[in-house]
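Following: one structure in structure tokens, then a few remarks.
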Amino acid sequence: MDIEFRHLKAFRVLAEELNFTRAAARLGVPQSGLSRQVQRLERSLGATLLRRSTRAVALTPAGHALYSHARRAEELAEQLRADVVAAGQGQVQLRLATYPIGVSELTARLTQALPEVQVATLTTTPDLAVQALERGEADLALGYGPPGTQPSLPPGAQAEILLHEPIYVALSAAHRCAGADSVHLAELAVDRWVAPPPDTVLAQVCSAVFASAGIRPHVLHVADSSNTVRNLVSSGQAVSLATPLAGAWPDDNVVVLPVDPPIRRPVWAAWLRRLPAEVVDSALGAVCAHYAQLAERAGDYWSRAKQDGLLRGGHWPREN
């Protein structure tokens, strides 16, 4: 027996209410009708989904498993409906989940490269961008990871590493190392550091970098706001790992220097395979051109990136 979508919805509401009276009221159906729908769903799946008593309703392990799938099925159905309506109106939507990287300018460039496509964005962390891709809430994701890693992809997705981005450090202009061309992380082992919150991809990157350099930094501050990090560094209260794009920070009190020996993190793009190849190519070209524009504002980073062969794939602009 096939599973009917209306039965999944009925079960999802009942699983949230754990009460037939309230669930039936939400659905606008009689309790007897709701009970029959759940029974048919159990017969279709060959599993008991609920433990029923005169006073309470509880989910079985099978019920818990189905609940998460039922929610996802409804979300996908809503997105399917939205995509079909947009296509019927002559609109194609590209949903981008990305880490903060000048999203306003990036959206403008994507819109220019794909004039027939409506670009929607979600600015988030790399791990949540991949989750959005897995849930069908995004078509294209941009992110990064610890050195030497590949993005963990959901089924139906593929990825390309766009570049291996070098790790830099951000120091106060008054710091003892501020006049150097590069910095050995061991020289900063005694400094006070500001680090990202634990259990984030950025924290994983920092841990891998510190382990590679063989140091255990004295982390005095934890912050997830770039403005807070910038202020702590600018005032000389802490040093921080940074990306080379931070060299474009408009702050005369902050110096951004490369780490020596170089340590690099992968920056990647991931997308659902159902996305048309021509859309992927145009989108990745726009992303790379946007990154190149940001990099050109960061001193000599862009020229060194091209010279050192850090760029990957054929989407980068030839002349910048």
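Laboratory data are not the source of any read-out in this text; all were calculated from the coordinates shown. Every value quoted in this text rests on a predicted model; they were computed, and no experiment measured them. Neighbour counts are summed over all protein chains in view; Cβ atoms, including those assigned to glycine, are modelled from backbone coordinates with ideal geometry.
Taking the square root of 5 times each eigenvalue of the Cα gyration tensor, what semi-axes in Å does the equivalent ellipsoid of the chain have, largest first?
Taking √(5λ) for each Cα gyration eigenvalue gives 47, 25, 16 Å.
Quick one: what does P(r) look like for region 237-320 with 10 Å bins over all Cα pairs, in whole %?
Histogramming region 237-320 at 10 Å steps yields 14, 43, 29, 12, 2 percent.
Take the chain, connect every pair of alpha-carbon atoms lying under 10 Å apart with a spring to form a Gaussian network, then pick out the residue of VAL279, VAL254, VAL190 with the largest mean-square fluctuation.
Fluctuation is largest for VAL190.
Please identify the longest segment of the chain free of exposed GluC sites (Glu not before Pro), where exposed means a DSSP state other than H, G, I, E or B and no more than 13 other Cβ atoms within 10 Å.
117-318
Which shape class applies to region 157-311: rounded if a/c is under 1.5, otherwise prolate when a/b exceeds b/c and oblate if not, where a ≥ b ≥ c are the square roots of the Cα gyration tensor eigenvalues?
Prolate.
Between ARG26 and GLU105, 0.36 nm times their residue separation minus their Cα-Cα distance comes to what?
Difference between extended and current length: 24.1 nm.
Counting other Cβ atoms within 10 Å, keep those with at most 11, restrict to DSSP loop, and tell me which trypsin sites (Lys or Arg not before Pro) in region 238-299 are left.
The qualifying sites are ARG273, ARG274.
Excluding VAL279 itself, calculate the net charge of residues whose Cβ lies under 10 Å from the Cβ of VAL279, where each Lys or Arg counts +1 and each Asp or Glu counts -1.
-4
Please give the net charge around ARG40, taking every other residue with its beta carbon less than 11 angstrom from that of ARG40, where Lys and Arg add +1 and Asp and Glu add -1.
With Lys, Arg at +1 and Asp, Glu at -1, the neighbours total 0.
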